[in-house]
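The values are calculated or read from the model by the stated rules, or taken from the named source; none is laboratory data. On a predicted model such as this, the values are computed, not experimentally measured, just so you know. Here the Cβ positions follow ideal geometry from the backbone for every residue, glycine too, while neighbour counts run over all protein chains shown. In case anyone asks, the SASA skips ligands and DNA or RNA and just uses the protein heavy atoms, side chains included. Shrake-Rupley method; radii C 1.70, N 1.55, O 1.52, S 1.80 Å.
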Amino acid sequence: MLGRLHAAVSLLTAATVLTGCGSTLEDVKITMATGPEGGVYYTLGKSLADVWSGRLGIARPQVVATQGSKDNVIRLVNGQAQVGFSQADAVDGVEGASQLRALARMHDDYLQVIVRSDLPVTKLSQLSGLRVSIGGKESGVEIIARRLLRSTNVTPNEVNLGLDGSVQAMRDGKLDAFFWSGGLPTRAITELTKEIGVRMLDLKDDLGSFRQQYPVYGSATLPASTYNLQSGPVITLVVRNFLLVTDKMPDDVAEALVRQLFEGQPDLVKAHSAARTIEQRSAIETSPVPLHPGAMRYYREAKV
């Protein structure tokens, strides 16, 4: 409770100083919930923290590695974080999710089903009975993996490992396959492909009825060149992801954060190429999460 009160007081103070002539945002304190250290959320979060601290004069936001989207949503509604990354599907069923507000739609996440290449597995249905990680608990990966496996009646021996744990378990020969949902490329997977033989499953035969059931997901081609895979390009699921806050964030603070997200975008691109796809027109497409009024004020001023 004291942590939430402190965060609220800090942000209210920021709203006050924003309106003052020649003032700064130096009193703002932000904790940012990202994802596993090998993932794109964490990489972009660190860069965004540098952008906000450098351009707004605030204390550098604390960038916290987490299990991923659902974990981040829970931290936001519980007041443990003021900013967080999340897939669009991760807000479903979370108590208190009505508090959430979006600053922007970010890049899209691609579902990546990684399998050891020494196994004769080329289809999702062939994962039944194998040792498969479906993502860390309270992660966006777990949500999409469980939905897809249930929809296709595939029954692997499931374990809950985050990205780094999944990669290490596959290196050690303790895992046959794992699910990951993230931007392209994901550094930890790039490193894995250089160390052991892996393939990525093509999901084109599994997506028709699944996408009718869950229209929040799209489909796209993941180029083979992303990870220099010999198996060629694959069709997979994509899901939008957002930069989220709650309705407790003052409008002026939200507006300032969004403005510097776009003005500092060249620095984000240097950190990860996924930031190239962040753009103002698509940034307002945050359904089912409403835009924060402060973010809306920025987009209106930018004539989006």
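Counting alpha carbon pairs within less than 8 Å and at least 6 residues apart, what relative contact order, in whole percent, applies to the chain?
25 percent
When the accessible area of the chain is split by element with a 1.4 Å probe, what percent falls to carbon and sulfur?
48 percent
Going down the table (46/194; 270/303; 70/204; 29/248), which pairs top 22 Å between alpha carbons?
Violating the 22 Å Cα-Cα cut-off are 46/194; 270/303; 70/204.
Summing -39500 (n - 2.57) over the DSSP H runs of n ≥ 4 in the chain and dividing by its residue number, what mean residue ellipticity at 222 nm do you reach, to the nearest 500 deg cm²/dmol?
Here the helix-only value at 222 nm equals -11000 deg cm²/dmol.
How big is the dipole moment of the chain about its Cα centre under a simple scheme where the beta carbon of each Lys and Arg is +1, that of each Asp and Glu is -1, and everything else is neutral? Debye, nearest 20, please.
For this selection, approximately 180 debye.
Report, to the nearest 10°, how far helix 251-263 tilts away from the longest principal axis of the Cα atoms in the chain, using its own Cα long axis and a range of 0 to 90°.
60 degrees
Excluding ligands and nucleic acids, what accessible area in Å² is computed for residue 279 using a 1.4 Å probe, to the nearest 10?
Solvent-accessible area, nearest 10 Å²: 80 Å².
Any idea what angle helix 2-18 forms with the longest principal axis of the chain, computed on alpha-carbon atoms, 0 to 90 degrees, nearest 10?
Here the helix axis deviates by roughly 60 degrees.
Determine, for each peptide in 107-113, 55-61, 233-239, the mean count of other beta carbons within 10 angstrom over its residues, then list the peptides with the highest first.
107-113, 233-239, 55-61
Tell me, in nm to one decimal, what length is gained between residue 126 and residue 281 on full extension, where the rule is 0.36 nm per residue of separation less the Cα-Cα distance?
That works out to 51.8 nm of additional length.
Need one number: nm distance between label points at residue 27 and residue 212, each 7 Å from Cα along Cα→Cβ, rounded to one decimal.
The answer from the label model is 5.7 nm.
Count the net charge of all other residues whose Cβ sits under 14 Å from the Cβ of residue 274, scoring Lys and Arg as +1 and Asp and Glu as -1.
Residues close to residue 274 contribute a combined charge of +2.
At 7 Å along Cα-to-Cβ for each site, give me the label-to-label distance between residue 59 and residue 224 in nm.
5.1 nm
Once you keep just the Cα pairs under 8 angstrom separated by 6 or more residues, what percentage relative contact order results for the stretch 183-302?
Once divided by the residue count of the stretch 183-302, the mean separation gives 24 percent.
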